[in-house]
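The values are calculated or read from the model by the stated rules, or taken from the named source; none is laboratory data. As the structure is a computational prediction, the values presented were derived from the model and not from experiment. In this analysis, Cβ positions are derived from the backbone assuming ideal geometry, glycine residues included, and neighbour counts consider all displayed protein chains. Calculation scope for accessible area: heavy atoms of the full protein, side chains included, ligands and nucleic acids excluded. Shrake-Rupley method; radii C 1.70, N 1.55, O 1.52, S 1.80 Å.
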Amino acid sequence: MSFQNLQLNSGMLRAVKRVGYSEPTPIQVRSIPPILDGRDLVGCAQTGSGKTAAFAVPIVQMLKPVKGKRPIRVLALSPTRELAAQIDEEFGKFSHESSLRHTAIFGGVGQQPQVKALQRGVDIVVATPGRLQDLINQGYIRLDRVEYFVLDEADRMLDMGFINDVERIIKRLPKARQTLLFSATMPQAIQDLSRSILIDPVKVEANPQSTTVETIEQSIYFVEGGDKRALLKHILRDPASQRVLVFTRTKHRANNLAKQLSRARIPAEAIHGNKSQTARTRALARFKSGHTPVLVATDIAARGLDIDSVTHVINFDLPNIPESYVHRIGRTARAGASGIAYSFCDVEERKYLREIEALIRQPIEVVSEHPYVSATPAPKRQNGAGKPRHNGASKPSRQNRRRRSRRPRGSRQARSA
Ligand code: AMP
């Protein structure tokens with residue numbers, strides 16, 4: 001299937017080519033034609049599936065520039081600032097030639113530049129609910145001319161407690177509009193919301209619900225909590241670990257871990273909700289450019305991050321919400337690339353592992369030989385999971401472990417995976 005078969009006009013085909021997309025992804029194939037036909041749509045799509053372009057491309061094609069002061073005609077809501085910035089960027093790529101104006105509205109930064117952009121007039125606004133609501137209350141934003149409304153990562157909106165804000169915002173939209181809702185998972189509350197805000201929607205599923213991207217190689221390491229850091233360093237010293245996104249349970253753990261890695265001469269930065277927007281943007285830019293090979297993140301901060309060529313996602317802590325596992329590992333293997341996801345699991349986290357495996361409907365393969373195997377025997381598993389996978393040396397003796405820890409810092413150790 002090519003973009004030519006998706007009812008795109010010649011300007012948009014040029015834009016897609018300039019952006020460098022040679023073939024549409026499955027969600028784009030299934031979503032672009034019905035959106036161009038004016039249909040409401042519910043997309044169950046994982047992050048990395050190309051869902052942003054799946055809505056940005058047809059919306060930009062349908063949006064004709066208006067004369068005079070521009071009313072907001074497209075509103076896209078996103079749960080996080082980073083995702084809002086990325087969606088705005090994607091709209092920018094495709095609206096380049098049609099002189100449409102777009103802007104991102106999110107908190108954590110001064111509102112003045114955003115207000116200025118709004119006062120000049122913008123066609124497309126991508127926003128997080130909190131700041132949008134603030135600016136509406138201050139009278140800077142009117143939504144009564146919106147023609148296209150996109151609710152992205154709706155399940156995460158729910159997890160983050162934004163759903164009431166979202167409902168309040170929706171009440172300000174005109175009834176006659178086209179609505180597109182995207183979500184990686186479809187919990188009951190999102191199905192209910194879809195029923196109330198969409199009219200006869202087309203349902204599009206890019207991947208079966210809650211299964212993980214097939215090109216991701218997933219493994220689990222049973223490890224004692226106290227050995228997680230040593231195991232992480234062991235993995236990070238493998239030259240293959242070039243651009244690694246590490247997830248921790250809390251902001252505090254993310255900070256500490258990034259500091260400890262940097263002290264061990266593994267350059268790392270933390271990204272989480274307590275950091276200023278400037279610090280987050282800077283950390284992200286350094287990670288994207290390859291300057292900092294390791295980014296330690298919490299779920300919320302990493303949600304929707306669009307970073308190409310993440311070689312590894314490492315769950316330093318397993319998430320207690322199984323859907324977060326799907327979101328996290330979706331940070332690697334973006335748009336068809338392959339990726340690796342390792343998860344560390346201590347004894348307390350084994351219950352989370354069971355829930356994750358139930359959700360993704362597959363057992364995750366166990367790396368049973370690594371230097372820090374947990375003293376508590378691995379749980380019995382089915383379907384071939386738990387086949388011994390060799391990953392580095394077998395567990396070293398206590399003496400070897402001491403020797404290992406005295407290895408010069410920063411030395412690289414190849415992993416014989
Ligand atoms: P998304 O799921 O929208 O976050 O997109 C994930 C990544 O895939 C982004 O880096 C996009 O720029 C990229 N992408 C989207 N569509 C395509 C395509 N048709 N071909 C190649 N890359 C794409």
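Solvent-accessible surface of protein heavy atoms, probed at 1.4 angstrom with all chains present, puts Phe162, Phe94 in the order Phe162, Phe94, largest first. At 1.4 Å probe size, with no ligands or nucleic acids counted, give the accessible surface of His370 in Å², nearest ten. That residue has around 0 Å² of solvent-accessible surface. Computed over neighbours whose Cβ is under 12 Å from that of Pro65, the net charge equals +3, Lys and Arg +1, Asp and Glu -1.
Taking amide H as placed 1.01 Å from N in the peptide plane, the amide H of Glu224 sits under 5 Å from that of Ser374, Ala375, each at least 5 places away or on another chain. Per-atom-type breakdown for the chain gives carbon and sulfur 48% of the accessible area (1.4 Å probe, protein chains only).
Across the stretch 137-149, computed HN-Hα scalar couplings (Karplus, 6.51 cos²θ - 1.76 cosθ + 1.60, θ = phi - 60°) run 4, 7, x, 8, 10, 10, 10, 7, 10, 5, 9, 10, 10 Hz from first to last residue, x flagging Gly and Pro. In terms of the mean number of neighbouring beta-carbon atoms within 10 Å, the peptides 236-247, 278-289 order highest first as 236-247, 278-289. Accessible area per residue for the stretch 3-205 is 41 Å², calculated with a 1.4 Å probe on protein heavy atoms, without ligands, DNA or RNA.
When only the Cβ of Lys, Arg, Asp and Glu is charged (+1, +1, -1, -1), the dipole of the stretch 3-205 relative to its Cα centre reaches about 900 debye. Compared with the dominant principal axis of the Cα atoms in the chain, helix 26-36 is inclined by about 10°. Dipole orientation for the chain: of the candidates His327, Pro201, Met1, His327 has the Cα lying most toward the positive pole (charges on Cβ; Lys, Arg +1; Asp, Glu -1). Counting only alpha carbon atoms, the long axis of helix 350-360 and the longest principal axis of the chain meet at about 40°.
Over 26 Å apart at the Cα level, from the set Lys69/Lys203; Lys51/Lys93; Lys228/Lys259; Lys93/Lys116, are Lys69/Lys203. Here's the picture: charge each Lys and Arg Cβ at +1 and each Asp and Glu Cβ at -1 in the chain, and of Pro71, Ala85, Val296 the one pushed furthest to the positive end of that dipole is Val296.
The slack between Lys175 and Leu13, meaning 0.36 nm per residue of separation minus the straight C-alpha distance, is 55.2 nm.
Rounded to the nearest 10 degrees, the inclination of helix 10-19 to the longest alpha-carbon principal axis of the chain is 20 degrees.
Using Cβ point charges alone (K and R +1, D and E -1), the dipole size of the chain about the Cα centre works out to roughly 1840 debye. Remark: spin-label model distance Tyr140-Gln242 equals 4.1 nm, labels positioned 7 Å along the Cα→Cβ axis. Neighbours of His312, meaning other residues whose beta-carbon lies under 10 angstrom from its beta-carbon, give a summed charge of 0 when Lys and Arg score +1 and Asp and Glu score -1.
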